[in-house]
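Below is one structure, written out as structure tokens; the observations come after it.
The values are calculated or read from the model by the stated rules, or taken from the named source; none is laboratory data. If you're wondering where the values come from, they're calculated on a predicted model, not measured in any experiment. Virtual Cβ from ideal backbone geometry, glycine too; neighbours counted across all protein chains shown. When the accessible area is computed, the model is the full protein with side chains, heavy atoms only, and any ligands, DNA or RNA have been set aside. Shrake-Rupley method; radii C 1.70, N 1.55, O 1.52, S 1.80 Å.
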Protein chains: 2
Amino acid sequence: MTKPRDERSGAAGVDPEQLWLRPAEPRRGRRPSFSREEIVAAAVALADTEGLEAVTMRRVAAQVGSGAMSLYSYAPDKETLLELMVDHVSAELTDTDPPSGDWRADLKAVAHRQRVHMLRHRWLPAALSTRRVPGPHTLAFLEHALAVLRPTGLDGAAKLEVFAQLTAFVAGQVAYEVAQSTAARCPDRAAAEARYLAAVAADGHHPELAEALAAPGRPLTPEATFTRFLDRLIDGLDTG
Amino acid sequence: MTKPRDERSGAAGVDPEQLWLRPAEPRRGRRPSFSREEIVAAAVALADTEGLEAVTMRRVAAQVGSGAMSLYSYAPDKETLLELMVDHVSAELTDTDPPSGDWRADLKAVAHRQRVHMLRHRWLPAALSTRRVPGPHTLAFLEHALAVLRPTGLDGAAKLEVFAQLTAFVAGQVAYEVAQSTAARCPDRAAAEARYLAAVAADGHHPELAEALAAPGRPLTPEATFTRFLDRLIDGLDTG
DNA sequence: TCTATTCTCGTACACTGTACGGAAAAGAGG
DNA sequence: CCTCTTTTCCGTACAGTGTACGAGAATAGA
């Protein structure tokens, strides 16, 4: 990792006008051998199957059959490639029904779509955790969410805030859910952790933990927990 | 980055029993020149002032005045050092009053403490996003949270779930809040983004966005938004 | 003093993002 | 046709990463 970019430690990112409102075609010079779409799709495929840490410039390039440095003709840096990836998969969210009028139900549906979307692309919560400029597909989905929120009568800033916070909420829940499920996939690690917690509970200084581990209750499905939290959150939202 | 560890791609992490329940002292061989506490504190200081990406083995070592490889006598790898950092700062959360009996108020106080804690250590949301085994300080705070939840009558698994989800919620909100504030610190970037959004809004395909930007309403403070969401979440929680 | 054990840390290696610059390809103008 | 300009392609190089290895230093028990 090296960042000899001129940017000083403040914020990063590329001019969104140059990125998303591209000047179409320069019609001069060598024709590109690849498309941005193709490269971003390869990066997404890599992240989907092997995780975000497998997305390196060299591996993406190998996937599309180019040299590593060629990618820099399509995205100015890796950070931007990640932004493109996020917007690329957001295209899966843009086939939306018009709002039904019951904004709470519609908003819950929005959140559920986001959840299954993030579960399909498990790297999304991590990729969303840094600030990004919304691309066209993200904006299309935002447009839908704003339409859903229209009956609330909230003002502009409040509607945007609700959408952002809801997305952060879903990302947090999915990140936790994904962490849980990958931890459970490794039984000896899980067993070691259980032994450790049992040892802590047995030391006498953690009576509440001891009791919680002793009386576990029936196991909860992540989806049910998500739905319960989400319902509480949205049912309680003030209108106007 | 290289991970020639024997672990196969499944899960990572170190045996928590060996990590947290350490055998005290071996009383043989060369005496350690540093303490784990000292090293972890240096890493935390680095993360607090320069961000998580400044926490490299070499920089931490330089901070405590050792060679980079010496750190591996105190933590088996960087991942573990991060776990130690998380638990280290969690010590700031362990001076808790006993539950008042009003569990909703107590739980809101827990979340607010977590929020200011994460705002003090802005790298925490990112560090928490991967699965970690709770260390002693984290367990002490968990013990408090479980005590707070006692009046709810929830079973063990449900109480643990509520705590985990609440933590994920707070982390998500704080991550968003931090991203917002660092973006606002760079005025030309913010202006470029505003121009971009205005251009999108003006294209006629985003009427809701156009209206939201045109009627912004008065600006919201992050804390007020957090409180509103949190209250809705907790007031709506079912009891047992 | 010898030996076992532990910590210290210089060196080395595989890997990262990316600056640089030359070569290749394509259109425009002669 | 040749050039000029512009754009893409990509090999090479470099600074910086986590960490394996192993030689040396320090300490405790024999």
Checklist entry - Looking at (1) open to solvent by 20 Å² or more (accessible area, probe 1.4 Å); (2) more than 7 Å from every other protein chain (Cβ to nearest Cβ), which is the one condition that is false for residue B:152? => result (1)
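If I go through region B:208-233 residue by residue, how many of them are assigned to a helix (DSSP H, G or I), facing another protein chain (nearest Cβ under 8 Å) and not charged (D, E, K, R)?
Looking only at region B:208-233, we keep the residues that are assigned to a helix (DSSP H, G or I), and these are B:208-214, B:222-233.
Filter again for facing another protein chain (nearest Cβ under 8 Å), leaving B:208-209, B:211-214, B:225, B:228-229, B:231-233.
In the following step, the residues that additionally are not charged (D, E, K, R) were identified as B:209, B:212-214, B:225, B:229, B:233.
Residues flagged as assigned to a helix (DSSP H, G or I), facing another protein chain (nearest Cβ under 8 Å) and not charged (D, E, K, R) within region B:208-233 amount to 7.
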Item to check | Residue match in region A:49-56 (condition: at pLDDT 95 or above and over 23 Å from residue A:182 (Cα atoms)) | outcome: no
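Check B:172, B:217 and return the single one that is surrounded by 20 or more Cβ atoms within 10 Å (Cβ to Cβ) and at pLDDT below 90.
Details: B:217 fails: surrounded by 20 or more Cβ atoms within 10 Å (Cβ to Cβ).
None of the other options fit; the residue is B:172.
If you take the residues of region B:176-202 that are part of a loop (DSSP other than H, G, I, E, B) and loosely packed, with under 13 Cβ neighbours inside 10 Å, which of them is farthest from the other protein chains (Cβ to nearest Cβ)?
Start the filter on region B:176-202 by keeping residues that are part of a loop (DSSP other than H, G, I, E, B), which leaves B:185-186, B:202.
Next, only the ones that are loosely packed, with under 13 Cβ neighbours inside 10 Å stay: B:185, B:202.
Working: B:185: 6, B:202: 11 Å.
Per the criteria, the residue is B:202.
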Item to check | Qualifying position, being farther than 20 Å from residue B:166 by Cα and touching a helix residue (DSSP H, G or I) at 6+ places or on another chain (Cβ under 7 Å), among A:215, A:191 | outcome: A:215
Checklist entry - What pairs come up if the first residue lies in region A:98-110 and is in contact (Cβ under 8 Å) with a residue 40 or more places away in the chain, the second is open to solvent by 50 Å² or more (accessible area, probe 1.4 Å), and their beta carbons are under 6 Å apart, counting only those six or more places apart or on different chains? => result A:103/A:151; A:106/A:99; A:106/A:100
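Residue by residue, here is whether (1) of a type outside the set (Val, Ile, Thr); (2) open to solvent by less than 10 Å² (accessible area, probe 1.4 Å); (3) under 26 Å from residue A:130 (Cα atoms) holds:
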{"site": "B:58", "(1), (2), (3)": "yes, no, yes"}
{"site": "B:66", "(1), (2), (3)": "yes, no, no"}
{"site": "B:78", "(1), (2), (3)": "yes, no, yes"}
{"site": "B:98", "(1), (2), (3)": "yes, no, no"}
{"site": "B:115", "(1), (2), (3)": "yes, no, yes"}
{"site": "B:133", "(1), (2), (3)": "no, no, yes"}
{"site": "B:136", "(1), (2), (3)": "yes, no, no"}
Checklist entry - Which residue pairs have Cβ atoms under 8 Å apart, sit 6 or more places apart or on different chains, and have a first residue in region A:61-88 that is more than 14 Å from every other protein chain (Cβ to nearest Cβ) and in contact (Cβ under 8 Å) with a residue 40 or more places away in the chain and a second that is away from DNA strand D (no atom under 14 Å from the Cβ) and open to solvent by 60 Å² or more (accessible area, probe 1.4 Å)? => result A:88/A:137
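Which residues, counting only those in region A:70-121, are within 16 Å of DNA strand D (Cβ to nearest atom) and outside any loop (DSSP other than H, G, I, E, B)? Spell out the reasoning first.
Taking region A:70-121 and keeping what is within 16 Å of DNA strand D (Cβ to nearest atom), we get A:70-78, A:80-81, A:84.
Passing the criteria: A:70, A:71, A:72, A:73, A:78, A:80, A:81, A:84.
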